[in-house]
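Below: the structure, in structure tokens.
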Amino acid sequence: MNPNQQAFVAESRALLQTMQDRLLQMEFGDGDAETINAVFHAVHTLYSAAHNLSEEAGDIECRFVTEFVRELENVLDAVRSGTIAPDAALVEVLLECAEHLGALLACVEYDTEPDGDSARDGKVLCDLLHQYLGLQSVTGKVAEQEPPEGVRREAPAEPLVVAATEQGQNVDKKADESMLVRVSAAKLDQLIDLVGEMVIASAGASMLAHKSGETALVEATSVITMLVEQIRDSALQLRMVQIGETFNRFQRVVRDVSRELHKDVELVISGSEAELDKTMVEKLGDPLMNLIRNALEHGIESPVVRAEKNKPPQGMLKLNAYHESGSIVIEISDDGAGLNKEKILARARERELVSHNQALSDGEIYALIFEPGFSFSSKGEHSGAGLDVVKRGIAALRGTVEVESTEGMGTTFRLHLPLTLAIIDGFLVGVGKSAYVIPLGTVDECIELSEDDKVSTVNHQYINLRGEVLPFVRLRDQFEVAEPGGRRENIVVVQHAGQKIGLVVDELMGEFQTVIKPLGSIFKHIKGIGGSTILGSGDVALILDVQSLVALTTAQQNHEQVAEAV
């Protein structure tokens, strides 16, 4: 596409999403004047953009969009003037029009004309729109006819009032648009990469300044470091978007899938204002889609089954997001059948995923549904089919998935994800000659390790942290560091998803701006490493994956508790 087409497609898809979101509000009973006007203005703006592009650039594909949107705009104009009632049947037609518009925009994007099926769909929809307007095409002319059922004819609003309202809305819209600048994602990515290199260079300059002992030079580099931090934060903020836009896109998915399954499901969204990196949002779509479809197909029961269980006939699916310790947590919850631990464990043993005498905690049993191909043959079970794809997708984003479930009551999938994949604040520690970076948001406190506080078991070690039993792991042992340590050891207390562990290190080296560099595939098997970074000295430091370290340590702790109970 040329730049004009790219800008048109990007703007039109945003307008189309607004249109669909507001139409769904109308379907659920929120058909006030503001909602109707929002749908009309989204379509009107799309028409103007398509018309301008087809006239200026002679874009043939845009003419298909213009012709169809003109019909749609006429109907919406009649709706907002009160001539046509926005009943459920009309909203259904308008939603189908939105889908067809998406197909036409794809033609513009790929520089192709609509195929036969798309052309037929467009004609059928145009005929329906004509019926709502009380018009019928006869030998090239237009004749009046009775409106279809559900359509009422009323006197339109006063023209002067409508014109004044439109003028005020257009002025407000132009004022808002004048404050915005459209920038391609590729340019933002390039900016973030350059900022990352600047962070590394700044750290190197600061280190050299401190070694020189020149006070003026140290002060100058300190100012530069502070400015680099501000530039880094501002650059990252440019790519931060609210998760609510992604959540709202699933309104249509829940509506359509629940109807296909003959289920009545309400989608409840909260935490829409939580922000994360745009690149994260783009890669979250498929995992969220799989989890939502899984809840609709296998989690939430049919109205008949829910009635037998004394549940309300309408099921509930919740999407929630919130920030926690420098990361974002996304929850997908349903009030359906829940997970049956005994059936999951039996199927896992049948497939030889676990041994018959192996003791597992509830969390480990639920985690089995993420194994490739794990499913139940009978319908109606929360099978988890395809959830291995979810786990791989979340792991690729340096995230984790945990499951909570109560049989008969429902299931919650909880995704823990970093806010960004580019630059983080870290805490630098040393073990022998090796350096490691701990994400600063996961660090609770640092304490000196005292021999008096240690409590050893067969496979693990603990300390008494102000009356709390804290398991700890030595990074020296975890990563087989050969160099001897000093006389003193320190513990960095980290936490993830409400669980705490201690990481034993030789040296605490302070906070460190960390530019994340991915590791090669040869290092993927190493547990507890999430990436690498370059220090100011030019040396490489490994970034710890606190999530996996906490999971490994707590799993070992749970095994000991289960073994003791047995």
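The values are calculated or read from the model by the stated rules, or taken from the named source; none is laboratory data. Values in this document were obtained by computation on a predicted structure and should not be read as measured data. Cβ coordinates were reconstructed from backbone atoms using ideal geometry, including for glycine residues, and neighbour counts include every protein chain displayed.
If you go through the stretch 301-328 and keep only what is closer than 28 Å to Gly244 by Cβ and buried (at least 20 other Cβ atoms within 10 Å of the Cβ), you end up with Gly315, Leu317, Leu319, Ala321, Ser327, Ile328. Where helices (runs of 4 or more DSSP H) sit wholly within the stretch 200-278, none has at least 2 residues that are assigned by TED's automatic domain parsing to the domain that holds Thr18 and under 15 Å from Ile330 (Cα atoms).
In the stretch 446-459, the condition of being under 28 Å from Gly399 (Cβ atoms), within 32 Å of the chain's Cα centre (by Cα), at pLDDT 90 or above and part of a strand (DSSP E or B) is met by no residue.
Considering (1) small (Gly, Ala, Ser); (2) under 22 Å from Leu419 (Cβ atoms); (3) out of contact with any strand residue (DSSP E or B) (no Cβ under 8 Å at 6 or more places or on another chain), the lone condition that Ala201 does not fulfil carries the number (2).
Sort through Ala555, Ala541, Ala551 and tell me the only one that's part of a strand (DSSP E or B), of a type in the set (Gly, Ala, Ser) and in the same structural domain as Ile463 (by TED's automatic domain parsing).
Ala541
Could you please let me know if Phe8 is outside any loop (DSSP other than H, G, I, E, B), farther than 25 Å from Arg255 by Cβ and either assigned by TED's automatic domain parsing to the domain that holds Leu76 or without any contact (Cβ under 8 Å) to a residue 40 or more places away in the chain (or both)? When the stated conditions are applied, Phe8 passes them. Please enumerate the residues belonging to the stretch 492-519 that are under 21 Å from Gln478 (Cα atoms) and not β-branched (Val, Ile, Thr). Correct list: Gln495, His496, Gln499, Lys500, Gly502, Leu503, Asp506, Glu507, Leu508, Met509, Pro518, Leu519.
Among the residues of the stretch 65-91, those that are in contact with an Asp or Glu (Cβ under 7 Å, 6 or more places away or on another chain) and either more than 16 Å from Leu23 (Cα to Cα) or at pLDDT below 85 (or both) comprise Gly82, Thr83, Ala88. Scanning the stretch 429-445 for residues that are in a strand (DSSP E or B) and either surrounded by 21 or more Cβ atoms within 10 Å (Cβ to Cβ) or among the basic types (Lys, Arg) (or both) gives Val429, Val431, Tyr436, Val437, Ile438, Pro439, Val443. So for the stretch 236-254 (the condition being at pLDDT below 90 and farther than 25 Å from Leu397 by Cα), does at least one residue qualify? Yes, that holds for at least one residue.
As a summary of the residue check, Ala396 satisfies the conditions (1) in the same structural domain as Thr279 (by TED's automatic domain parsing); (2) at pLDDT below 90; (3) within 30 Å of Glu342 (Cβ to Cβ) except for the one numbered (3). Of all residues in the stretch 330-340, none satisfies being outside any loop (DSSP other than H, G, I, E, B) and surrounded by fewer than 16 Cβ atoms within 10 Å (Cβ to Cβ).
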